[in-house]
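Just so it is clear, none of the values below were taken in a lab; they were calculated from the coordinates. Since this is a predicted model, take the numbers as computed values, not measurements. Every residue, glycine as well, gets a Cβ built from its backbone with ideal geometry; the counts of neighbours run over all protein chains shown.
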């Protein structure tokens, strides 16, 4: 198929290509009823003039935590005006001003000016409004462990949970969403005394559940007859091996694109094999090409070590080999984690604060081939 045919051909096997987007919200959300019920119970007191119950929501990547939160918040907003439910992505918002700007936007419909207004004024406006309107506030912090990177978590949690001390009658609560529970032990005592969360766990999906989810998504995204049960079984196994449901959903999209580029009205096994190769190698190559020199240098240090390093020893190696500062190391590490090239796991207190173990998410040999 020529370039013009690819661009202009109006036939497609996609019924709704958006069904394969990472932020797609399926109308039918299965296998998480008990978790949704638990979170609803945490919100219920706020609908009856009480405070939301602080909750830690645990589960590995792609177990439905974020989707569950967003769907539940949408249901609450549809049925009640007694509580503001604000979702905050802590990978994108890590400062006090940025976080309270998100809460301000949720309550007032717009963000405050980025300059000229101190965060204390934004905070006071939010809490005074809650007091005047007699409404509760529940903030869900997704990937809350990112707030450790600039030591913001204690201050932000304190600001929200102890707001009633300055604004009597204000009712606030937190949902902390993450994959590990270690963060709790690093909270200050004056935060722990008011946080005291219950826990809701999202276990990994079983094989039959993954197959069901992928089948439903394929029905939404493709026209009938485009993809076979055999292909869906193969993609399910590949998703389990990769440890991430999102891998399977993305693979459905790539398979569809390959089939269309071959003018095929159905997805074949050959398309799947090509999609697997492209899904891994192209994504990594494109990501590595986007890195600047310091980011590539740090990734090379990580990839050449046989065992995972803690952030302290890794920072020393990075600074010795590049001559760059610790602040640059911190910013660079955040960028690599945001790009999902590495994982960081909190391990306790270090010389410079909270220590983290650095784990390479991608194949070290592939990184070396691209960077060395």
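Odds and ends about this structure:
- DSSP beta bridges confined to the chain are antiparallel in about 35 percent of cases.
- Sorted peptide list for 65-76, 11-22, criterion being average Cβ within 10 angstrom, highest first: 65-76, 11-22
- Sorting the segments 102-111, 131-140, 229-238 by their residues' average number of neighbouring beta-carbon atoms within 10 angstrom, most packed first, yields 131-140, 229-238, 102-111.
- Length-normalised contact order for the range 33-201 - Cα pairs under 8 Å, 6+ apart - percent: 35 percent
- Our note on the geometry: Cα centres of the range 61-98 and the range 150-166, 18 Å apart.
- Tilt relative to the chain, helix 65-79 - C-alpha long axis, 0 to 90 degrees, to 10: 60 degrees
- Look at the alpha carbon pairs under 8 Å that are at least 6 residues apart: their mean separation over the length of the chain gives a relative contact order of 18 percent.
- Going by neighbour counts of Cβ atoms within 10 Å, the residues 355, 228, 208 line up, fewest first, as 208, 228, 355.
- Highest mean packing comes first when the peptides 25-32, 90-97 are listed by Cβ atoms within 10 Å, giving 90-97, 25-32.
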